[in-house]
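Structure first, commentary second.
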Amino acid sequence: MTTLTYNRWSQILNLPLALPQTELRRGRSLQVAAIPVALGESVEVRALTLHLLRLLTPGVSPVLNNSALGLCSVGIYLTDMLTGGTALVKATGPGAEALNPYAPAVLSSPGFYRVIVANNTSNVDLAVVVSGVATYTS
Amino acid sequence: MNQLESALLITLRDSIKWESAVEPTSGTLTPINPVMPFDARDYHTRDRELAFRDLANAAAIMEVSIEVSDVYGYSAPRPIMQGRQRALQPWNAQDARTVNSQVLHVKNAHVPYDAAQYADRDLYGRDALIYETLARAAAVAFVNPPITGTATVSSVPPVTAWSWADGTASRNEIATALPLNRDLFRDPDMNLADRDNQMAGYVATLAQVLKNPFAYADRLYVQVRSNDPREAEVYAFGRQDYVAGTFYSTGDEVYYAAAYYRALVATSALPTDATAWVAIASPTQRVFTAEPRLSLRNRIVYDTVAQTLQWFRETSDLVHVPQLFALSIPGLLPRQTVNTLARLPVREDAQFWRQKAERLVFAGEERTDVAVIPYTGTDKVTNTLMQETGASLAVAGAGTFNFDIGACYGTYTAAFLVKPHSTVEILGGQNNEAVGGTLGGASYTRGVGSQLSWNIGLPPLPWTFQVDYTNVTDTSTGWKVSADLSGTPVLSEATWPFVDATDTALANGQLVSSTPVAIAPTGGNQVLSLQWLEGSGTLHVRRLRFATPTTDDNHYRLSGTLGTSVAMVDVYGGDHQTDVVVFDWGTVGSPDSKVRINLERAQLPLRMPVAHLLTRGTTTPTPVAAGFEGYRYDCLQRASRSVQDSFAKVVAAYGTNLPAFRNGDGTWDSDCTDEWMRYLEVYEPRLRETPGIRSVGPIVAGRQYQVTAGTVAYDGVYVVADTFWGTSGGTSFVDVNGYGTVSQVGAFQPGLPGHVGRPALVPAGLEFSLVAGTVTANYAGSLAVPQVASLQPWMVEVGAWVTQPEFWPPTQT
């Protein structure tokens, strides 16, 4: 069993990824957080939860902009395309979806990574909450 | 070996005294010549030399005992020695009478020479018998026996009657000052016989362990072969504590509240429930468990009463019939064998941890590779703007990617590596006249006045056009050319010089770029024609280059069709930025595997160099594996550590000869990755999985191969799922039935667009430039330490390798 020493503990920095309940309009996306990774640093994201609270446009059958992204999704991106996220959590209906903490995303290449939540429909507004933690491990 | 059990009657002492032992100076016992005058010192020396042989036996016992402890974790008995000794027993036939366990001691009627002629030679033979018996037992029991037999002792029978030689521990020696009588010779010989009895006792005890290690071992090293194979791994002996909620089978034994219990029926009740359990004095089962220690699985049970072995793998859908104990027993499935390896565990590499990770499957979605077009610049892709980097979509319209695997029925995903790009580069060889040339260009040999033309379709943006050209035959100082775009003049009798600053013709093959000229594409498919008006030599058009200013509004809308199923992509992309677009279809029923990508909206042309087709499904989870969710990731960490250790060895071995790996300008591309991986493979040979190897090979020495189809012959005959190692003796195998195929075994596979987010092996310090779209290596050489990070789209472009799917848990809970 390993022991986390105070010396090691002091080198670990947790960066919160949090978006309180927000109305996410159809086809729009929001940047939840930014994760800068410098040369020599490594960031691990084990916790990333997308909570689709409810659909704010009742009586409409959602039309998806991207077939692969559900009603809404949250991901970690270095580039712009929503389908190319290094970590991706999508919701196909109301409820909470989470990144598998046993399959963490590890970012060790320098860059400015963004956490983006996106409404993937063209006709439904959504109420979403995002939470998570990015941990600098070195 | 069986007959040694009688020696167990002897009480073993914990040490063997050195006494006056001395090594024979000539390799043989000091000879006695009966015709010469009697000299007690020669007899004394012979006894001392025989005592020395006992020490050699003790050393041999020590070696085997240590090996038993190392291999099985069992503290086998071993005599304490009082000095260094070699575990080697010389053999000289003239010093032995017969090789058996009898020792004929002298009596009052004997003459002194009889002590040498009979007793000493019997003692010599008995030493040889003890040593040889131990050596033969070790040879049978161990892969790498610690001692070797004396091959010349051919007279040692495989089974001998083993009697207790008449021995008594007494520190008597022959001396000239003592009376010349029977005891002068007999007492020292009886002491030597006693020492032999002690060594025989130790050998007998060791033989018991070697005969049945399962009754003694604290650790087994077990490999499952052939059907559903498993790599050799350690099974550790341990007490089986009762676990609440576990459903025990009849006969299972557990430890609970300071007592052992045996299940009378299949039950999950507490052991204190007398209707389900009975208390027992001690367990009759010795249970060895491998990780992950799932409840009642991944274990081997040795029944000490029935002397049987039973293997439980990670699933309990099939029950292994207990087998009489042996180092190799039949397994659960046809051809499967469970082999206990009598050797030390080897270093566990990334591939080992891959197959360990495979033991546990968790519920969730899984994606399986079906097909890939690793370079789309082939005839598998049609109706696209074919650039030097592969297919691209530039204007509204549909391109077809034929994965060429036949019908598709199921749930499919296609992932494409894409790169919006403000530059379009078309190889000269893509012309409509089918004129070819070196390096993909077109060597324009038809003569003055002929023309070449290319189909292009560019978005209606302000573009510039230029050509990379050269001369390839004779000598030329330049050409006069004209060009038009679907009838609209682009170049009018323009001069393309091929001279240096002194107006001297350049060397053939040296590329020159023409001056960019503005063009205005209409947004549809158009034809660019190039007319050669004047000039000598052979005009070689290497590539056409079109460029447009970068724009931020790169909105792409695409639809993907497989069969009749349609999936949509609506994304924004940055100029030069490598990314991935994903098309998820529901249930597909398609008679072919042609994916039609329709570009509905675009700004900059979209390069699509790699296409990847996958199926989606749900996993069949391993039952009752709660609490082990992190196991696959743990295995991944161990695999990563193994690769890093291998890299450290490479650095130590190559020193300053280690290449930088990165290019001279600091960039990193797929060639850099390949070189870097080749160095990693030096000490991690099972690194890269290479499928589809046919009989022509190459089979590389030190690499492992697994048969994936048919039957092959290499250093043996192998069928599907069998593995073999490449040797220096053969670089190819024999294809027995015409479709024999093998894969080089490895823990990593090429990273593809559908793998984005999965763990990949990349050197430290790689950085992607969002502006230039290039990858820079901040570290070189020994600093390019391998590390596992999530695969990003740009890593696919530089040929990064991802871990095999066995390491992947479902990404989303």
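Please treat every number below as a calculation from the coordinates, not as lab data. Everything quoted here is computed from the prediction, not taken from an experiment. Because the Cβ atoms are built from the backbone with ideal geometry, glycine has one as well, and the counts that use them run over all protein chains shown.
Okay, which of the stretch B:462-478 sit inside 12 Å, backbone N to the point 7 Å along the Cα-Cβ direction of B:THR488?
From the stretch B:462-478, the list is B:462-464.
Given a Förster radius of 41 Å and the C-beta distance between B:ALA257 and B:ASP228 as r, what FRET efficiency does 1/(1 + (r/R0)^6) yield to the nearest 0.05?
The formula returns an efficiency of 0.60 here.
Rg(Cα) of the stretch A:1-43 divided by 2.2 N^0.38 Å?
Rounded to two decimals, the normalised Rg is 1.80.
B:ASP317 to B:THR445: extension gain in nm, 0.36 nm per residue of separation minus the Cα-Cα distance?
Gain on stretching B:ASP317 to B:THR445: 38.9 nm.
At what distance in nm do the modelled label points of B:MET36 and B:SER769 sit from each other, each positioned 7 Å from its Cα along Cα→Cβ?
About 9.2 nm separates the two model spin labels.
Using the Karplus curve 6.51 cos²θ - 1.76 cosθ + 1.60 with θ = phi - 60°, what ³J(HN,Hα) values do you get for each residue of the stretch B:213-220, in whole Hz, with x for Gly and Pro?
Values per residue, Gly and Pro as x: x, 5, 7, 10, 5, 9, 7, 10 Hz.
In whole Å, largest first, what are the principal axis extents of the Cα atoms in the stretch B:245-393?
Largest to smallest, the principal-axis extents are 81, 36, 29 Å.
Please compute, for the alpha-carbon atoms of the stretch B:659-813, the extent along each of the three principal axes and give them in descending order in Å.
For the stretch B:659-813, the Cα spread along each principal axis is 54, 42, 22 Å.
What is the distance in Å between the Cα centroid of the stretch A:5-57 and that of the stretch B:631-709?
34 Å
Could you give the length gained by full extension between B:ILE405 and B:ARG557, i.e. 0.36 nm per residue of separation minus their alpha carbon distance, to one decimal place?
Values: separation 152, 0.36 × 152 = 54.72 nm, distance 2.70 nm.
Between B:ILE405 and B:ARG557, full extension yields an extra 52.0 nm.
May I ask you to order A:53-66, B:451-464 by the average number of other C-beta atoms within 10 Å around their residues, highest value first?
Most protected by this proxy first, the peptides run B:451-464, A:53-66.
I'm a student and want to see the number: the projected area of the Cα convex hull of the stretch B:154-302, averaged over all directions, in nm². Working shown, then result.
Details: hull surface 66.3 nm².
Over every viewing direction, the Cα hull of the stretch B:154-302 projects on average to 16.6 nm².
Jot down the radius of gyration and Dmax of the stretch B:83-146, Cα atoms only, both in angstrom.
14.9, 51
Could you bin all the Cα-Cα distances of the stretch B:203-242 into 10 Å bins starting at 0 and give me the percent of pairs in each, rounded to whole numbers?
The distribution over the stretch B:203-242 is 25, 36, 31, 8, given as percents.
Full extension from B:THR656 to B:ASP592: what is 0.36 nm times the residue separation minus their Cα-Cα distance, to one decimal in nm? Please list the in-between numbers first.
Numbers: separation 64, 0.36 × 64 = 23.04 nm, distance 5.33 nm.
That works out to 17.7 nm of additional length.
Could you give the nm distance between label points at B:ASP645 and B:ASN663, where each point is 7 Å from its Cα heading toward the beta carbon?
Modelled inter-label distance: 3.6 nm.
Ranking request for peptides B:678-691, B:315-328: highest mean number of other beta-carbon atoms within 10 Å first, then the rest in descending order.
Top of the packing list down: B:678-691, B:315-328.
To the nearest 10 degrees, how steeply does helix B:40-72 sit against the main Cα axis of chain B, on a 0 to 90 scale?
Taking the Cα atoms of chain B, the angle to B:40-72 is about 40 degrees.
Between A:GLN31 and B:ALA363, how high is the FRET efficiency from 1/(1 + (r/R0)^6) when r is the Cβ-Cβ distance and R₀ = 35 Å? Nearest 0.05.
My answer for the efficiency is 0.60.
Taking just the alpha carbons, could you work out the radius of gyration and Dmax for the stretch B:445-519, both in angstroms?
When restricted to Cα atoms, the stretch B:445-519 yields Rg and Dmax of 13.8, 40 Å.
Hey, can you grab everything whose amide H is under 5 Å from the amide H of B:GLU366? Only 5+ residues off in sequence or another chain; H modelled, so Pro and N-termini drop out.
Those qualifying (amide H under 5 Å, at least 5 residues apart or on another chain) are B:GLY617, B:THR618, B:THR619.
Explain nothing, just compute: Karplus ³J(HN,Hα) = 6.51 cos²θ - 1.76 cosθ + 1.60, θ = phi - 60°, for every residue of the stretch B:285-300 in order, whole Hz, x for Gly and Pro.
10, 9, 10, 10, 10, 9, 7, x, 7, 5, 4, 6, 10, 6, 8, 10
For the stretch B:1-152, what relative contact order do you get, as a whole percent, if you take Cα pairs closer than 8 Å and at least 6 residues apart?
Relative contact order comes out at 24 percent.
Taking one equal scatterer on every alpha-carbon of the protein assembly as shown, how large is log10 of I(q)/I(0) by Debye at q = 0.06, 0.08, 0.09 1/Å?
Values returned for q = 0.06, 0.08, 0.09 Å⁻¹ are -0.63, -0.92, -1.06.
Can you give the FRET efficiency for B:ILE80 and B:ALA215, using 1/(1 + (r/R0)^6), R0 = 41 Å, r = Cβ-Cβ distance, to the nearest 0.05?
0.95
Once amide H atoms are placed 1.01 Å from N in the peptide plane, what residues at a sequence separation of 5 or more from B:TYR235, or on another chain, have their amide H within under 5 Å of its amide H?
For B:TYR235, the qualifying residues are B:LEU220, B:TYR221, B:VAL222.
Which far-off residues, 5 or more places away or on another chain, put their amide H under 5 Å from the one on B:TYR260, with H placed in the peptide plane?
HN-HN under 5 Å from B:TYR260: B:ILE280.
In Å and from the alpha-carbon atoms only, list the Rg and Dmax of chain A.
When restricted to Cα atoms, chain A yields Rg and Dmax of 16.1, 56 Å.
Do you know the relative contact order of the stretch B:488-618, to the nearest whole percent, from alpha carbon pairs under 8 angstrom that are 6+ apart? Please list the in-between numbers first.
Values: 113 pairs, mean separation 26.0, N = 131.
Relative contact order for the stretch B:488-618 comes out at 20 percent.
Calculate, axis by axis, the spread of Cα positions in the stretch A:64-116 along the three principal axes, and write the results as whole Å, longest axis first.
Rounded to whole Å, the extents work out to 34, 26, 13 Å.
Can you give the translational diffusion coefficient of the stretch B:324-475 in µm²/s, computed by Stokes-Einstein from the Kirkwood radius over Cα pairs at 25 °C and 0.890 mPa s? Walk me through the numbers before you get to the answer.
Numbers: Rh = 21.9 Å.
So the translational diffusion coefficient is about 112 µm²/s.
Run the helix sum for chain B: -39,500 (n - 2.57) per DSSP H stretch of 4+ residues, divided by residue count, reported at 222 nm to the nearest 500 deg cm²/dmol.
Numbers: 7 runs with 132 residues, N = 813.
Computed mean residue ellipticity for chain B: -5500 deg cm²/dmol.
How long are the semi-axes of the equivalent ellipsoid of the stretch B:629-725, taking √(5λ) for every eigenvalue λ of the Cα gyration tensor, in whole Å from largest down?
Values: eigenvalues 173, 74, 37 Å².
Equivalent-ellipsoid dimensions as semi-axes: 29, 19, 14 Å.
Over chain B, what number does the Rg to Rh ratio reach, with both radii from the alpha-carbon atoms and Rh per Kirkwood?
Taking Rg over the Kirkwood Rh, I get 1.17.
Let's see if you can work this out: charge +1 on each Lys and Arg Cβ, -1 on each Asp and Glu Cβ, no other charges. What is the dipole magnitude of the stretch B:368-482 about its Cα centre, in debye to the nearest 20?
With Lys and Arg at +1 and Asp and Glu at -1, about 200 debye.
Given Cα pairs under 8 Å that are at least 6 residues apart, what percent is the relative contact order of the stretch B:550-642?
29 percent
Sort out for me the Cα centre separation of the stretch B:521-544 from the stretch B:296-353, rounded to whole Å.
So the separation of the two Cα centres works out to 70 Å.
Could you tell me how far the Cα centroid of the stretch B:62-141 sits from the Cα centroid of the stretch B:418-447, in Å?
Going from one Cα centre to the other spans 84 Å.
Quick one: angle between helix B:631-654 and the longest Cα principal axis of chain B, in degrees between 0 and 90, rounded to 10, please.
So the inclination is approximately 90 degrees.
With θ set to phi - 60°, apply the Karplus curve 6.51 cos²θ - 1.76 cosθ + 1.60 along the stretch B:82-97 and write out the HN-Hα couplings as whole Hz, x wherever there is a Gly or Pro.
Those phi angles translate into 9, x, 6, 8, 8, 8, 9, 10, x, 9, 9, 4, 5, 8, 10, 8 Hz.
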